[in-house]
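A short worksheet on the structure shown next.
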Amino acid sequence: FKILSGDVVKTNKLRYAKNGQDFSFGFKLDDQVHGPQRELSMHFITPEYAHSLDEIRMHSAGKDELRVVLEPDERVLPDLRLLIKTEKYTKRKQTSSLSAVERQILQAKAAQNDAREKELIERVRRAVGQAELIINAADVPSGSTDAVARVTDGFQDLVSRTYTQLKLLGGVMYPEKQVAAAANPEDGLFSADELSKLAIPGADVLSTVVRKDGRGEEVTVKTIVDTFQTKPYGWDLGSIEVVIGYLVGASKLTLTVDGNVLKRSEVAAALRNTQKHAH
């Protein structure tokens, strides 16, 4: 896991090419969870995994994860075990009572082990570069043999399959600084065309607010953010704030803080203050 996450992939977020948004993911290795988990997962399958490729495909159905089935390399896990054993042994034997010859032998072993680790990292990198990629029981094609490029190819597919309503934003990420322009359309900072594009995601946010309000729920900005950051939406925070700002500017929503209705000119500062989202 350390080699895969720290030396090969080296990140826990990847960029979705269609809109430039970064999505975080959690790691799994042979069904074991490693580190913090997210809505999306990158699940590495080693040659020692107990199931066949067809079973791996079947077991992936309905899961929001990219399965990276490493190219079979019979020696990679025995060599990893040897690496760990040698590392433990050399550390344990490092005592002040060693003779010069013994110290020299241990140093040679440690140097040999460092070289083994570098070689293993390269082998694991190559295995990822040749890995089978699977999402929701289907194979995902990739022409890349570079490890990071290959998993990034698979990740594009994972994002588009998981966040089916991301397309409502029209392939755009709206920065927080545009909240004021959306909330104050009379200032003319958004063109009529840009405002009409915001109407599409705006309709979904508005219907969510109306539905929750109809059920007697108190709807806060936090409620909306929590709904639209997760699947099937996957929208980024800035875009959600801009869409809310647009709905206020279009007189379809009002925002209140501590019982006071906000003026349009006050909306941007309130929305950009995440501490206030629950209020």
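Observations on the model:
- Point-to-point label distance, residue 266-residue 251, nm (Cα→Cβ direction, 7 Å offset): 2.0
- Across 177/197; 212/263; 177/276; 167/197, pairs whose alpha-carbon gap is larger than 22 Å: 212/263
- Alpha carbon Rg of segment 91-168, scaled by the compact-globule rule 2.2 N^0.38 Å: 1.92
- Heavy atoms of the protein chains alone define the surface here; on that basis segment 130-210 has 46 Å² accessible area per residue at 1.4 Å probe size.
- The Cα atoms of segment 6-146 give a gyration tensor whose axes a ≥ b ≥ c have a/c of 1.5 or more with a/b greater than b/c, which makes the shape prolate.
- Cleavage-rule hits, trypsin sites (Lys or Arg not before Pro), segment 1-60, DSSP coil, Cβ neighbours within 10 Å at most 14: 10, 18
- Charge dipole (Cα centre; +1 on Lys/Arg Cβ, -1 on Asp/Glu Cβ; no other charges) of the chain amounts to roughly 800 debye.
- In order along segment 271-279, the phi-based Karplus estimate (6.51 cos²θ - 1.76 cosθ + 1.60, θ = phi - 60°) of 3J(HN,Hα) comes to 5, 7, 8, 4, 4, 8, 4, 7, 10 Hz; Gly and Pro are listed as x.
- Sulfur and carbon atoms: percent of accessible area, segment 223-279 [1.4 Å]: 48
- With kT/(6 pi eta Rh) evaluated at 25 °C and eta = 0.890 mPa s, and Rh the Kirkwood radius from Cα pairs, segment 196-279 diffuses with a coefficient of 190 µm²/s according to Stokes-Einstein.
- GNM top mover of 229, 107, 156 - the chain, alpha-carbon springs below 10 Å: 107
- Rg to Rh, two decimals, where segment 66-224 supplies the alpha carbon set and Rh follows Kirkwood: 1.28
- Beta bridge orientation in the chain: antiparallel %, DSSP, nearest 5: 60
- Partner aspartates and glutamates for residue 222 [C-alpha distance under 12 Å; skip if fewer than 8 residues away on the same chain]: 241
- Derived scalar couplings between HN and Hα for segment 73-87 equal 9, 4, 8, 4, 6, x, 5, 5, 5, 5, 4, 5, 4, 5, 4 Hz in order, rounded to whole Hz, by the Karplus curve 6.51 cos²θ - 1.76 cosθ + 1.60 (θ = phi - 60°), x for Gly and Pro.
- Remark: the residue 101-residue 138 segment gains 7.6 nm on full extension, using 0.36 nm per residue and subtracting the alpha carbon distance.
- Residue separation of residue 229 and residue 192 scaled by 0.36 nm, minus their Cα-Cα distance, works out to 10.7 nm of gained length.
- With N counted as the residues of segment 1-72, its alpha-carbon radius of gyration over 2.2 N^0.38 Å works out to 1.14.
- Surface share of carbon and sulfur [accessible, 1.4 angstrom probe, percent] for segment 3-73: 48
- Calculated [θ] (222 nm, deg cm²/dmol) that DSSP helices of n ≥ 4 give over the chain, each run adding -39,500 (n - 2.57): -15000 deg cm²/dmol
- Spatially close lysines, pair count over segment 75-164: Cα under 12 Å, gap of eight or more or interchain: 4
- Rg ratio (alpha-carbon, reference 2.2 N^0.38 Å) - segment 144-266: 1.20
- Pairs of alpha carbons in the chain separated by more than 30 Å make up 49% of all such pairs.
- FRET efficiency, 1/(1 + (r/R0)^6) with R0 22 Å, evaluated for residue 146 and residue 63 via beta carbons: 0.30
The values are calculated or read from the model by the stated rules, or taken from the named source; none is laboratory data. All of these numbers come straight from a predicted model, not from anything done at the bench. So basically every Cβ, Gly included, is an ideal-geometry build from the backbone, and we count neighbours across all protein chains shown. Just so you know, the surface numbers come from the protein's heavy atoms only, side chains and all, with ligands and any DNA or RNA stripped out. Shrake-Rupley method; radii C 1.70, N 1.55, O 1.52, S 1.80 Å.
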